[in-house]
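Notes follow once the structure below has been shown.
The values are calculated or read from the model by the stated rules, or taken from the named source; none is laboratory data. Since this is a predicted model, take the numbers as computed values, not measurements. All Cβ positions, glycine included, derive from the backbone under ideal geometry; neighbour counts span all protein chains shown. The accessibility values were calculated without ligands, DNA or RNA, using every heavy atom of the protein model including side chains. Shrake-Rupley method; radii C 1.70, N 1.55, O 1.52, S 1.80 Å.
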Amino acid sequence: MQTLNPNEKLLNERRWLGLIALVSVVVVALVAFLIYNAQGVTSYNPAIYTLPKLNAVLNSAVTILLISGVLFIRMGDIRLHRACMIAAFVCSTLFLLSYVAYHYSAPESRFGDANHDGIVDAAEKLKIGVQRYIYLGLLITHIILAIAIVPMALITLFRIFNLQVEKHRKIARWTFPIWLYVSITGVVVYFLISPYYPVN
């Protein structure tokens, strides 16, 4: 078996990190475009609202898998740790596909818009009160950290598949809590916004 010299390994790693950066930018740009484009969607199939429920299930699965994976590695079970983390990544990828399909097909839902006219008027704002700020705070932090977790998760996986155990551990210390926060807040945001979907 041919081994790579240090310069070839560095070049190979730079290529992978470049590909990870490209994928991350494409994913973020695609999601931003779809969210912006959803504001123009007026005709939709009510069945599309099964996707946010699926997204909540997938985010819940990611939460359970991430916590299980960390518990397994602390017990020294690398095989189960790896299985949980790969499964969490697969669930997150399925979530992303479902999320893109939903935002491509459904009109924008606004928190507090009880009559579904696309505007949260003064009476609706008064009715939801401080809940609006809690929702917006969770949503904004969820979105910002979801953007960050795309390259972080990919690099974390790359490091371990490339047998860079110490580098994997260093980034995993940051990846785990951010990924966990994103998955938990994804479920919370769903439960907060779902009463304002035109179809429940």
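Using C-alpha pairs below 8 Å separated by at least 6 residues, the relative contact order for the range 73-200 is 28 percent.
On a per residue basis, the chain carries 62 Å² of accessible surface, using protein heavy atoms and a 1.4 Å probe. The fraction of Cα-Cα pairs per 10 angstrom bin, counted from 0 for the range 112-191, comes to 17, 33, 23, 14, 9, 3 percent, rounded to whole percents.
Basic side chains Lys and Arg get +1 at the Cβ, acidic Asp and Glu get -1 at the Cβ, and with that the dipole of the range 69-200 about its Cα centre reaches some 760 debye. Taking every lysine pair in the chain that is 8 or more places apart or spans two chains, those with Cα atoms closer than 27 Å amount to 4. ASP117 contributes about 80 Å² of solvent-accessible surface, heavy atoms of the protein only, 1.4 Å probe.
Here LYS170 and ARG110 are evaluated by their C-beta separation; at R0 = 30 Å the FRET efficiency comes out at 0.15. Over the chain, DSSP H runs of length four or greater, each weighted -39,500 (n - 2.57), average out per residue to a 222 nm ellipticity of -27000 deg cm²/dmol.
Approximating the spin labels as points 7 Å out from Cα along Cα→Cβ, the THR141-to-ALA47 distance works out to 3.8 nm. Can you pull the percent of the chain's accessible area that's carbon plus sulfur, 1.4 Å probe, other chains left in place? Exposed carbon and sulfur together represent 69 percent of the surface.
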